[in-house]
Each structure stands twice: as structure tokens, then as C-alpha cells.
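Data first, discussion second: the structure below is written as C-alpha cells.
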Amino acid sequence: MRVQRLLGVILTGLIAGLAAMAFVALLMAAGRYWLGISPPVESIPDRVARLLDIRTFFSLFGKYGGYSGLKRFGIISGLRGLTTAGAAVGVIYALVAEAPFSRRSRRRMLGTSLPALLFVAVSVVVVWIGMAIFLWPVLGANYRGLPPTSARLVTMAAMLVWYGSFGVLLIGLYRWMAGFRRQGVPAPVPAGVEPNETPMRPAVAVGTPITRRAAITAVASGALVFPTYRIIKSMERDATFTYDGTPYSGEGIQPITPTAQFYSVTKNVVDPDVDKGVWGLEVGGLVAHGKSYGFDDLKQFQQVDQETTLMCISNRIGAGLFSNANWRGVRLKDVLEESSPKEGAVEILMSAADGYQDSISFEKATDPTTLLVYEINGEPLPRKHGYPVRLLVPGMYGEKNVKWITRIDVVDHDAKGFYEQQGWGPHFVPSTRSDIFSPRTRLGGNGFTFIRQFKANQTVEIKGRAFAGDRGIRSVEFSTDNGGNWRPATIYYPGTRLTWALWSASWTPTSTGTYVITSRAVDGTGAPQPEQAHGIVPQGAQGYHRVKATVA
Ligand SMILES: Nc1nc2c(c(=O)[nH]1)N[C@H]1C(S)=C(S)[C@@H](COP(=O)(O)O)O[C@H]1N2
Ligand SMILES: [Mo]
């Protein structure tokens, strides 16, 4: 009998907790979809990501199938976490509410005992404050583009609504399911029991672990999962899984990358879907007067067109996280000057709609080639490349080119960004590199190989790219004997100081056998490409691209 009653209490608490969470999950999904408010299933993994060091990060990649797999895992564990939390809090609440000390409490509020109410209220406040502290660095995120100052307030308010409505629903549903009477009204006393032994009607009918109301609640909240699922599914359709990490590579590489093929890297599961009307760019920190710009305000500054190559720090030698485009925007310098930065400015810290942050030196920020861009190859920036405005910093890895930028703070110290916190850097300047993209190559266990076999005494044209950040490319040489002898290559697309150069070379092998083709570049300052090889961690890859060729 007692066991059965305890079971009833636990089950009722469990259902109340899960049902309340089902409602909150719908609120969260709707808030993310329509208002761009980041729910905990997204913001917690995002926060945790910057606490991981690079090696852990990569070993997790290996374990969960790359960045996309890891993101999926983060979201799924978040959903599991929410469910578990709902269930656990529901059961604990029920046990507190039905505990003898609680049932003896004469004060009843919102239809529950004071200790039970306190448990819920304190939990809500503690979780709210705890989350605000833990998530502080990502609270300024808003996927519709609201700048951080207001985004932070909106997110804080949303958190209070989620956790608060969970608490209220939990109490309300439990009370309804357990069939409590109005506070203080004594329940009918069963025959043969002394009146003061049962001051309240038992919460759960003895002998029936689940009441009919509990069943109704379970079914109704189960039905709530459906719209939540629909929202999640429609977000999954434009999730980044399909394009995160797509390279621009292959034999057909053009001097200017077609926008649709521009490489892409994002930390997000679903990239910001910025509403131009909501979007704003704030300038603050160490400035005489902070400023805020709407999209059209930015267009008041002098417009600049600039061809610039972007490359991810994770771009291995010979890989394609690497593209070149014509960008249009305004000088960051002009925008910053309007706010009058103060003495002692060391860096600028940039924040974006997705909570991403990164910094560059104040000097680099005021370089005339550092731009806030809104067009790529003559079209507005696509969503995945930072619509409506992103930063373009020539000469630094892609990481620094903050997409969906919403705020710039002038700071007097070395501020660390998303990836720098993981241990990348501290220098984000690509070293000079060159690689071969045509004929097609394949990366296997022992390095790169040309897919196609060559024939003795037949001329092949070898093509490649060379890049040196913002130092430009002066010349490229190539070798068919793994660096023993070098011949000059032809630069058929020189680009500018801020872009890659494309080169080609003719090779007529005279005898059969295997060869190793490689190249080396000299940058615009006259410095040669370093031969010493190292991997992408922690400051980007370096070394020669060596490709095996078989001549038959
Ligand atoms: N807001 C924001 N900006 C970001 C990122 C991000 O995840 N969020 N990723 C960075 C990284 S790692 C790279 S390599 C470039 C890629 O830009 P692209 O996708 O337009 O090629 O954007 C950078 N800017
Ligand atoms: Mo990157």
C-alpha cells in the first residue's frame, strides 16, 4: 500500500515534470525559430565549446564524426538533458510536496505547501542566475541579428520565462493531477480513521498509481511534442550540416570563386537568419561616444571594392578551405573614427549574432584594407557568409573575419576569441604556401597522388595556387624530383597583394617511373615559402605540397 502510494507520487511528479518541460521545449523552439533566442540545448554546447582545448576538440571530432557530428551530438545531449532535468525536478518536487514535513505545513500557496513552493521558486531562481553567469559570454547572441546589449536582456527575460513557466506548470499540473482540494479544506475522512491522522486528502488515490488526470496530462503533453518536432525539423532543413566545411577545390578552380562555391566554416548548428530591420552594429568600449548603426547608416561611409582571399586556419596543405572573391563594403577605420577611440586602445573585440567573438589589434582594425563588407561578387552576402555584414581582415586567417557582426568593442587588453580560447594561435597570420590542384589529386594514407597516370613524352599542364596572406606572391617554382631541381612556374593569375595567385607549369616526363611534384612560392616581401612542415594546430599548416605522379 505505502509502496504503491509512493509509486503514485513519483509517477505523478514524473509526468508533471515531463509535461511542463514539453511545454517549455515548445516555447524554446518557437523562440529560437521566430525570435532567434538561443535555447540552452544550443547555448550550453556553444559555451562548452570554448572551454575545450584544441586536442580535446579534435579527439571529439574523431569520436563523433567531424564537426557536424559533434554539433549533432551536442544538440541531442542537450535535448536529453532537458528531458532528464524535467523528470528529475518533477519527481523531487512531488516527493517534497508529499513529504510529511511538507504535508504538515499549514501554509499553502498556489495550491502547494510552502516547502514545495520554496523548492520550486529557489530552483527557478538558482537555475536562472546560474545559467546567466555560466552563459554570460554567449548571452549576447541573437540569431535574428539583435545587437548584444538588447539581445542579452531578451535572452535573460526568455530564460526567466522558460524556467518560471516550468515551475508554475509543474506545480499546477501536479496539483491538478493529484486532485488537491482548495488550500486548507480538509478532505473527507475515510471511515474508521481518526480525523487528525489525515489532515489532507491523499494526493494520489490509494491503489491507483496513475489517475485519469495524469493520463490526460501525459497524452496532452505528448501531443505538444509534435509542433516542437516540426519546428526542429524545419530548422534541421537549413542546418549547417550540409555545408559546414565544404572546400573549394578540384581541377576547375577559378581566379574568383563563384559565390555558391565559396568555402564555408561555421561553429553553428543553424546559422543566424538575420532580419535587416532588427540587425544593428554597435560600437562601444574604449571610445568617447558609442554609436549604433543600422544597415543603411553604414552605406553613408565611402564604399570600397576589394578583392581578397580568405583561408581557414584548419586548411591543410593541399586542401580547399580557401577561396577568393570581390567584396564590397566600407572601411572599418572610418566607422571606428566616428566613435573617437581613446588613448590606450590595444585591440577591438568583435561580437556576432551567433555569439561568436574574435579580436584583432587596433592597428589592424584601422588598416585601410580592413572592411565591413555587405556584398560578395556583386550580390548581397548570402546567409552562410555573414548576411548582412561581416568583417574582412586581409592577411589573417578566416577566424578573424567575423560573420553576422553586431558589435565592436575597443579594448585596452588582449581579448581572446572563440578559437583562441581553445588554444589556437596566438598568431593568426598565414605563412606562405603553394599547392597543386590540377590534374586532380587524391589524398590517401601516404599523401597526395595524381589520380590520373601520365605517359612518357606527353606534356601535362600542372596548375596550382599560391597564397601569402596580405603579402602577395612574387614568384612560384616547381619541381618534379621532390625539390632536387626547381624551375620557374608561370603565374597566370597574379591577383593582388591581398589574394592568391594561380600558377601553371608544363611537364614532359621522359621516362617511366614515379615522381614527386612539388612547388614553392616567394611572397611579396621576397621571403621564401618555409619548407619545414607542420600541421594546422595551433597556428595553421605550413610546408610543401608534395604530389606523387606515376608515369607509364
Ligand atoms: N560569427 C561567426 N563568424 C565566423 C565564424 C563563425 O562560426 N561565426 N567562423 C569563422 C571561420 S572559422 C572561418 S574559416 C570563416 C569562414 O567564412 P565563410 O564561411 O564565409 O567562408 O568565418 C569565420 N567567421
Ligand atoms: Mo576557420
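The values are calculated or read from the model by the stated rules, or taken from the named source; none is laboratory data. Just so it is clear, the model here is predicted, and its values are computed rather than measured. Cβ sites come from the backbone with ideal geometry, for glycine too, and all protein chains shown count toward neighbours. Protein only, heavy atoms only, side chains kept; ligands, DNA and RNA dropped before computing areas. Shrake-Rupley method; radii C 1.70, N 1.55, O 1.52, S 1.80 Å.
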Review point. Which pairs do you get when a residue that is among the aromatic types (Phe, Trp, Tyr), found in segment 294-312, comes within reach of a residue that is away from ligand 1 (no atom under 16 Å from the Cβ), reach meaning Cβ atoms under 6 angstrom, with the pair 6+ apart or on two chains?
Key: 295/276; 301/330; 301/334
Review point. Taking segment 282-324 as the region of interest, how many residues are more than 16 Å from ligand 2 (Cβ to nearest atom) and either at negative phi or among the aromatic types (Phe, Trp, Tyr) (or both)?
Key: 25
Practice item. Determine the pairs where a residue that is on the phi < 0 side of the Ramachandran plot and among the acidic types (Asp, Glu), located within segment 83-103, has a partner that is open to solvent by less than 70 Å² (accessible area, probe 1.4 Å) and modelled with pLDDT under 95 with Cβ atoms under 7 Å apart, the partner being 6 or more residues away or on another chain. Key: 98/9; 98/203
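Count, please, the residues in segment 91-134 that happen to be part of a helix (DSSP H, G or I) and either of a type in the set (Val, Ile, Thr) or open to solvent by 40 Å² or more (accessible area, probe 1.4 Å) (or both). Spell out the reasoning first.
Filtering segment 91-134 for residues part of a helix (DSSP H, G or I) gives 91-98, 100-104, 114-134.
With the extra rule that they be either of a type in the set (Val, Ile, Thr) or open to solvent by 40 Å² or more (accessible area, probe 1.4 Å) (or both), the set shrinks to 91-92, 95-96, 100-101, 103-104, 114, 118-122, 124-129, 133-134.
The number of residues fulfilling the criteria is 22.
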Check your understanding: What's the number of the condition residue 403 fails, among (1) touching a residue at least 60 places away in the same chain (Cβ under 8 Å); (2) within 15 Å of ligand 2 (Cβ to nearest atom); (3) over 25 Å from residue 150 (Cα atoms)?
Key -> (3)
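If I ask for residues that are assigned to a helix (DSSP H, G or I) and within 11 Å of the chain's Cα centre (by Cα), which ones from segment 49-69 would you list? Before the answer, list the steps.
At the first step, the residues of segment 49-69 found to be assigned to a helix (DSSP H, G or I) are 49, 54-64, 66-69.
Result: 49, 67, 68.
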Exercise for review: For residues that are open to solvent by 50 Å² or more (accessible area, probe 1.4 Å) and in contact with a Ser or Thr (Cβ under 6 Å, 6 or more places away or on another chain), tally how many sit in segment 539-549.
Suggested key: 2
Practice item. Report yes if some residue within segment 513-525 is open to solvent by 60 Å² or more (accessible area, probe 1.4 Å), under 17 Å from residue 315 (Cβ atoms) and either out of contact with any helix residue (DSSP H, G or I) (no Cβ under 6 Å at 6 or more places or on another chain) or at pLDDT 95 or above (or both); otherwise report no. Key: no
Check your understanding: Among (1) under 25 Å from residue 316 (Cβ atoms); (2) within 16 Å of ligand 2 (Cβ to nearest atom); (3) touching a strand residue (DSSP E or B) at 6+ places or on another chain (Cβ under 7 Å); (4) open to solvent by less than 30 Å² (accessible area, probe 1.4 Å), which single condition is residue 396 missing?
Key -> (4)
Review point. Hey, among 393, 335, 402, which residue is outside the structural domain of residue 155 (by TED's automatic domain parsing), β-branched (Val, Ile, Thr) and over 21 Å from the mean Cα position of the chain (by Cα)?
Key: 335
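Which one of 432, 496, 480 is touching a residue at least 60 places away in the same chain (Cβ under 8 Å), surrounded by fewer than 21 Cβ atoms within 10 Å (Cβ to Cβ) and either within 12 Å of residue 519 (Cα to Cα) or in contact with a Cys (Cβ under 8 Å, 6 or more places away or on another chain) (or both)?
Values: 432 fails: surrounded by fewer than 21 Cβ atoms within 10 Å (Cβ to Cβ); 496 fails: either within 12 Å of residue 519 (Cα to Cα) or in contact with a Cys (Cβ under 8 Å, 6 or more places away or on another chain) (or both).
Matching residue, one of 432, 496, 480: 480.
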Exercise for review: Would you check if residue 366 is open to solvent by 40 Å² or more (accessible area, probe 1.4 Å), in the same structural domain as residue 320 (by TED's automatic domain parsing), on the phi < 0 side of the Ramachandran plot and out of contact with any strand residue (DSSP E or B) (no Cβ under 6 Å at 6 or more places or on another chain)?
Suggested key: yes
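Would segment 531-538 turn up any residue that is hydrophobic (A, V, I, L, M, F, W, C), surrounded by 13 or more Cβ atoms within 10 Å (Cβ to Cβ) and in a strand (DSSP E or B)?
We begin by selecting, within segment 531-538, every residue hydrophobic (A, V, I, L, M, F, W, C); these are 533, 536-537.
From what's left, surrounded by 13 or more Cβ atoms within 10 Å (Cβ to Cβ): 536-537.
Still in the running and in a strand (DSSP E or B): none.
No, every residue in segment 531-538 fails to be hydrophobic (A, V, I, L, M, F, W, C), surrounded by 13 or more Cβ atoms within 10 Å (Cβ to Cβ) and in a strand (DSSP E or B).
One residue is enough: does segment 301-310 have a residue meeting the conditions within 16 Å of ligand 1 (Cβ to nearest atom), among the acidic types (Asp, Glu) and closer than 23 Å to residue 149 by Cβ? Walk me through how you get there before you give the answer.
Residues of segment 301-310 within 16 Å of ligand 1 (Cβ to nearest atom): 306-310.
Filter again for among the acidic types (Asp, Glu), leaving 307.
With the extra rule that they be closer than 23 Å to residue 149 by Cβ, the set shrinks to none.
No, because not a single residue in segment 301-310 is within 16 Å of ligand 1 (Cβ to nearest atom), among the acidic types (Asp, Glu) and closer than 23 Å to residue 149 by Cβ.
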Review point. Among the strands (runs of 3 or more DSSP E) confined wholly to segment 279-358, which include 3 or more residues that are of a type in the set (Gly, Ala, Ser) and open to solvent by less than 60 Å² (accessible area, probe 1.4 Å)?
Key: 322-331
Exercise for review: Working only within segment 234-276, note down all residues that are within 14 Å of ligand 2 (Cβ to nearest atom), in contact (Cβ under 8 Å) with a residue 60 or more places away in the chain and of a type in the set (Ser, Thr, Tyr).
Suggested key: 240, 243, 248, 263, 264, 266
Check your understanding: Taking residue 86 and the conditions (1) surrounded by 14 or more Cβ atoms within 10 Å (Cβ to Cβ); (2) more than 29 Å from the chain's Cα centre (by Cα), which numbered condition does it fall short on, given that it satisfies the others?
Key -> (2)
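State which residue is farthest from residue 396 (Cα to Cα) when the search covers only segment 435-464 and only residues that are aliphatic (A, V, I, L, M) and open to solvent by less than 50 Å² (accessible area, probe 1.4 Å). Give the steps one after another, and end with the answer.
The first filter runs over segment 435-464 and keeps only residues aliphatic (A, V, I, L, M), leaving 436, 443, 451, 456, 460, 462.
Add one more test, that the residue is open to solvent by less than 50 Å² (accessible area, probe 1.4 Å), and what stays is 436, 456, 460, 462.
Numbers: 436: 22, 456: 42, 460: 34, 462: 28 Å.
It comes out as 456.
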Point to revise | Extreme residue, farthest from ligand 1 (Cβ to nearest atom), among residues of segment 378-389 that are open to solvent by less than 10 Å² (accessible area, probe 1.4 Å) and in contact with a Leu (Cβ under 7 Å, 6 or more places away or on another chain) | key: 388
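The rows are residues; the columns are (1) of a type in the set (Asp, Glu); (2) within 14 Å of ligand 1 (Cβ to nearest atom); (3) in the same structural domain as residue 516 (by TED's automatic domain parsing); (4) out of contact with any strand residue (DSSP E or B) (no Cβ under 9 Å at 6 or more places or on another chain).
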{"site": "411", "(1), (2), (3), (4)": "no, no, no, no"}
{"site": "414", "(1), (2), (3), (4)": "yes, no, no, no"}
{"site": "428", "(1), (2), (3), (4)": "no, yes, no, no"}
{"site": "441", "(1), (2), (3), (4)": "no, no, yes, no"}
Revision key, fill the gap. Residue 470 meets each of (1) open to solvent by less than 10 Å² (accessible area, probe 1.4 Å); (2) outside any strand (DSSP E or B); (3) of a type in the set (Asp, Glu) with one exception, condition (1)
